[in-house]
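**Student:** Supplied in structure tokens, the structure appears directly below.
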Amino acid sequence: MNSVEIETFLAICRHKSISRASEELFISQSSLSTRLKNLEEHLGCPLLLRGKGSREVILTPWGQEFYDLALQYQKVTKKMESLSCSALVESINISTIYSVGTHVLLPVIERFLQKYPQIRLGIQDLRAEMAISSLICGKTDIAFTTSKIQTTQIVATPFLSDPMTFLCAASSDYPDVVSLDMLSQKDEAYVLWSAECEHWHNSVFGTETPPSITVDLDNQISLFVSKYNKWAFAPWSVAKSLTVNPAIRQCETDFRMPNRTVYILRDRDRAETENNISFINTLREVLTENNTVGLML
């Protein structure tokens, strides 16, 4: 008995016809019948019967039992064939929201690649819902998000409590310390940084008159603040990068905004893998060295 004979048997079962199975396999009916005969002789029992007055074949009781086993054999064989050397390479896949990936994780990733050159690193930009799905199906090992989504399968760990700051054009008239009564939403470039930040923003400014501009990416904040004299709230980690641009200025405020908390999400069953631990240790090491504000690890 060999895999060719088993695949031949399964083709006959799919089509319930020797002629149609032979067409699928591009062999003659006589060759196909010979393979089936050899299989039945090896097993010592008939697998198929041709119904009276019908061109279709039917399974014998032994054939039905062998069919179930043959399907399992086919699945295992396909898995074995899909296994390549690349699948054996150590890897870790990270999902992150854009602002964290750009302003927090870049030096961490650089250090990780230096320390563990044998580990293949995959990085993708995913929001919380997609990151959860990716974690559950095993495509992501660690996800970074501002949503604390914790279930029986997903564990969420806060690692950064990022203070919110005020940004404006360097040439603007805003003083070094800004008050709420100085701010108009028609001049705001708004970003939804987290649910907590959104709730605070709505409670302070209301929802009847929304900001004139809503943006998603940090480089858009830089554009509207520096060129169009808009103001924006941004987490400290983002503001630190954006104020490298001399056209953007960071001011203090006489009011307090809630910090943006960033969470590490992991599948509970795979949370403590060696590669996960190595990445998180590297994260802690780099952020501690850089005196990152609000580090909670």
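**Student:** Return only the number of the condition from (1) in a helix (DSSP H, G or I); (2) within 23 Å of Q72 (Cα to Cα); (3) in contact (Cβ under 8 Å) with a residue 24 or more places away in the chain that S19 does not satisfy.
**Tutor:** Failing condition for S19: (2).
**Student:** Still on this structure, please answer the following. Quick one: is Q72 modelled with pLDDT under 90 and exposed (fewer than 13 other Cβ atoms within 10 Å of the Cβ)?
**Tutor:** Working: modelled with pLDDT under 90: yes; exposed (fewer than 13 other Cβ atoms within 10 Å of the Cβ): yes.
So Q72 passes the test.
**Student:** Further question on the same structure: I want to confirm something. Restricting to the stretch 121-146 and keeping residues that are β-branched (V, I, T) and in a strand (DSSP E or B), which single residue is surrounded by the fewest Cβ atoms within 10 Å (Cβ to Cβ)?
**Tutor:** Residue satisfying both the conditions and the ranking: I123.
**Student:** Need the failing condition index for D173 against (1) out of contact with any Asp or Glu (no Cβ under 9 Å at 6 or more places or on another chain); (2) modelled with pLDDT under 90, just the number.
**Tutor:** (2)
**Student:** Which residue out of L32, L36, L48 is buried (at least 16 other Cβ atoms within 10 Å of the Cβ) and over 14 Å from F66 (Cα atoms)?
**Tutor:** Only one candidate passes the filter, namely L32.
**Student:** Still on this structure, please answer the following. Under 7 Å by Cβ, and 6 or more places apart or on different chains, what pairs join a residue from the stretch 210-223 that is closer than 14 Å to L167 by Cβ with one that is among the β-branched types (V, I, T) and not in a loop (DSSP other than H, G, I, E, B)?
**Tutor:** Close Cβ pairs (under 7 Å, with a partner that is among the β-branched types (V, I, T) and not in a loop (DSSP other than H, G, I, E, B)) amount to V215/I221; D218/T102; D218/V238; S222/I248.
**Student:** If you go through the stretch 2-22, how many residues are of a type outside the set (S, T, N, Q) and exposed (fewer than 14 other Cβ atoms within 10 Å of the Cβ)?
**Tutor:** Selection size over the stretch 2-22: 2.
Yes/no per residue for (1) more than 19 Å from T145 (Cα to Cα); (2) surrounded by 13 or more Cβ atoms within 10 Å (Cβ to Cβ); (3) β-branched (V, I, T):
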site	(1), (2), (3)
S222	yes, yes, no
S226	yes, yes, no
A234	no, yes, no
P246	yes, no, no
I277	no, no, yes
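**Student:** Would you point out the residue of the stretch 106-122, among those that are without any contact (Cβ under 8 Å) to a residue 24 or more places away in the chain and out of contact with any strand residue (DSSP E or B) (no Cβ under 9 Å at 6 or more places or on another chain), that is farthest from R284 (Cα to Cα)?
**Tutor:** Across the stretch 106-122, the extreme among qualifying residues is P117.
**Student:** Right, something else. In the same structural domain as Y73 (by TED's automatic domain parsing) and either more than 49 Å from the chain's Cα centre (by Cα) or closer than 14 Å to Y73 by Cβ (or both): does that describe F9?
**Tutor:** When the stated conditions are applied, F9 passes them.
**Student:** I'm checking my understanding of the structure. Among residues of the stretch 176-197 that are out of contact with any strand residue (DSSP E or B) (no Cβ under 7 Å at 6 or more places or on another chain) and assigned to a loop (DSSP other than H, G, I, E, B), which one is nearest to Q220 (Cα to Cα)?
**Tutor:** Within the stretch 176-197, the match that is nearest to Q220 (Cα to Cα) is L192.
**Student:** Which count do you get for residues in the stretch 146-175 that are in contact with a strand residue (DSSP E or B) (Cβ under 8 Å, 6 or more places away or on another chain) and closer than 14 Å to D267 by Cβ?
**Tutor:** Residues meeting the conditions: 7.
The values are calculated or read from the model by the stated rules, or taken from the named source; none is laboratory data. These numbers come from a predicted model, not from an experiment. Backbone-built Cβ (ideal geometry, glycine too); neighbour counts: all protein chains shown.
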